[in-house]
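These notes concern the structure reproduced below.
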Amino acid sequence: MAQEEVNNVTVSQGVRMLFSLMTPNESSFATVQEVPKYVNQATPYFFGLILLEIILDLLKTNGRRIKINDFITSLSAGMMSRLPQLMMRSLELSVYIYVWNNFRLLELPWDSAWTWWLTFLGVDMGYYWFHRFAHELNILWAAHQVHHSSEYYNLSTALRQSVTQQFSSWAFYLPLALMVPPSVFAVHVQFNLLYQFWIHTELVKDLGPLEWILNTPSHHRVHHGRNPYCIDKNYAGILIIWDRMFGTFAPESDKVVYGLTHPIGTFEIWTVEFLYYPYLWQRFWEAEGISNKLSVILKGPGWTPGKPRLGDIADIPQITGKERPHNPAWSPAMQVYVVVHFLLLLDVYNHLLMDQMILSEMTVLLLTAHVLLSLTSLGFLIDQRANAAEMEMLRCVFIMALQRFGYVKPLVPLLAFPIEVFVLISAVYWSLQCVNQRTNRMKKQN
């Protein structure tokens, strides 16, 4: 059913979804159940634009903006961030519906264009304040910093999302639940997310007069920068007017250096997703007194005792122009291997998300384990971890077991046997690597 819904989207609708150009007439629904899964419908357009950006990047002669290790890490974070939805409904929508059912003050008509446009503005303003708080409250930054951890800026960066961010964003939309029907909210919360995909690119430079009203690639490049002038600026979702109104706007000027002020230097997905939480916990326990402990959590990431609430901009490392993204050398053969296995994983992941309602609980559990194990193991390979060979060998054996019992089937049946052979060869190769590594360790010990 979900796959048919995706296939029924016209090219015009798919493009307009990405740019928030859908009209009230074609996107107003009486119930939440009728609201399409626009994000799922837009997935082919995500990958279409990503492929176009990759082609244009390969044709450029002044340095590539897309690296395989960073690219796969961003996609891995996006995949992991959506896995909780297999187990539960969207928290944003669930809490919204609860507040609507029990506390609404009035009921605006779901089929009114006025309601549609009011919700458009309300959701966008709600996103602005959520996004701003995600930068200004350390406990929320722990989740949001995942999205800023890439030192590159391309369309894949848009998909680098946090697993835990969805557990806090819902609160900022609750005022709308007092009057706006859930079906209207469910439409706009998706449109707001979709719009923010295409602005993650360096290929679009300036949009002229639209720069005054809309959030554009130029404005959002500033937001992703670690230059001092970029810090805590341009929080907008769709409309940049909120930043202009509330004093957080900054135009693009000096060349933007992307990423966190203190880069994490890893491509391992669990570290990317959860690294900040142990650091925050350590700071909490080391802080003296309850006031300082609460400040560690509820003030900005740069706060320390005696400093302003958001920290001192002078403490941010200065940009020298010599910064280089973390990009350790690895062999072309390993890059091809990781890309092929990642493409096979995308097929499994797509099957899991699209058909979850008709899959057995055991199948969902096993395929989720497959996705998590694969994201972990491929991250180990990219990071060149010492135990990557053992992890990859176990992963290949697990995939062979899933293939043997029919839990994993390729989109094209004719490819089933070649894929099984490829996984078998991979398992044998990594088994030999494990034996070789153990032999070398024993020789060193002797």
Suppose the filter is touching a residue at least 12 places away in the same chain (Cβ under 8 Å), among the aliphatic types (A, V, I, L, M), in contact with a Lys or Arg (Cβ under 9 Å, 6 or more places away or on another chain) and open to solvent by less than 50 Å² (accessible area, probe 1.4 Å); does Leu378 pass it? yes
Members of the range 107-121 found to be open to solvent by 20 Å² or more (accessible area, probe 1.4 Å), more than 12 Å from Ile238 (Cβ to Cβ) and assigned to a helix (DSSP H, G or I), listed by number: Ala113, Trp114, Trp117, Leu118
Counting just the residues of the range 191-207 that are open to solvent by less than 30 Å² (accessible area, probe 1.4 Å) and in a helix (DSSP H, G or I), which one comes out farthest from Ser150 (Cα to Cα)? Phe191
Exactly one condition in (1) surrounded by fewer than 17 Cβ atoms within 10 Å (Cβ to Cβ); (2) of a type in the set (Phe, Trp, Tyr); (3) closer than 26 Å to Ser74 by Cβ is false for Phe246; which is it? (3)
Being buried (at least 18 other Cβ atoms within 10 Å of the Cβ), at pLDDT 95 or above, at negative phi and under 27 Å from the mean Cα position of the chain (by Cα) is the requirement here; does Tyr152 meet it? yes
Could you please find all residues in the range 383-402 being assigned to a helix (DSSP H, G or I) and either in contact (Cβ under 8 Å) with a residue 24 or more places away in the chain or open to solvent by 60 Å² or more (accessible area, probe 1.4 Å) (or both)? Asp383, Ala389, Glu390, Glu392, Met393, Leu394, Cys396, Val397, Phe398, Ile399, Met400, Leu402
Inspect all residues belonging to the range 164-179 and state whether any of them is buried (at least 23 other Cβ atoms within 10 Å of the Cβ), in contact (Cβ under 8 Å) with a residue 12 or more places away in the chain and aliphatic (A, V, I, L, M). yes
Hey, Tyr229 touching a residue at least 60 places away in the same chain (Cβ under 8 Å) and either in a helix (DSSP H, G or I) or in contact with a helix residue (DSSP H, G or I) (Cβ under 7 Å, 6 or more places away or on another chain) (or both) or not: no
If we scan the range 38-59, do we find a residue that is open to solvent by 20 Å² or more (accessible area, probe 1.4 Å) and part of a loop (DSSP other than H, G, I, E, B)? no
Here is a check on your reading of the model: is Lys307 assigned to a loop (DSSP other than H, G, I, E, B), charged (D, E, K, R), surrounded by fewer than 16 Cβ atoms within 10 Å (Cβ to Cβ) and free of Cβ contacts under 8 Å to residues at least 24 places away in the same chain? yes
Six or more apart or on different chains, Cβ atoms under 6 Å: show the pairs whose first residue is in the range 245-263 and within 13 Å of Tyr152 (Cα to Cα) and whose second is of a type in the set (Phe, Trp, Tyr) and crowded, with 16+ Cβ neighbours inside 10 Å. Tyr258/Tyr153
Being outside any loop (DSSP other than H, G, I, E, B), open to solvent by less than 20 Å² (accessible area, probe 1.4 Å) and under 26 Å from Leu424 (Cβ atoms), is that true of even one residue in the range 323-336? no
If the Cβ limit is 7 Å and pairs must be 6+ apart or interchain, which residue in the range 36-64 that is within 30 Å of Phe185 (Cβ to Cβ) pairs with which residue that is polar (S, T, N, Q)? Tyr38/Gln190; Val39/Gln190; Ile50/Ser156
Selection status of His144, within 21 Å of the chain's Cα centre (by Cα), crowded, with 20+ Cβ neighbours inside 10 Å, without any contact (Cβ under 8 Å) to a residue 40 or more places away in the chain and assigned to a helix (DSSP H, G or I): yes
Return only the number of the condition from (1) over 21 Å from the mean Cα position of the chain (by Cα); (2) touching a residue at least 12 places away in the same chain (Cβ under 8 Å); (3) open to solvent by less than 30 Å² (accessible area, probe 1.4 Å) that Phe342 does not satisfy. (1)
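The values are calculated or read from the model by the stated rules, or taken from the named source; none is laboratory data. Remember, predicted model here, so these are calculated numbers, not experimental data. When we count neighbours, we look across all protein chains shown, and the Cβ atoms used for this are built from the backbone with ideal geometry, even at glycine. Accessible surface is based on the protein model in full, side chains and every heavy atom, while ligands, DNA and RNA are left aside. Shrake-Rupley method; radii C 1.70, N 1.55, O 1.52, S 1.80 Å.
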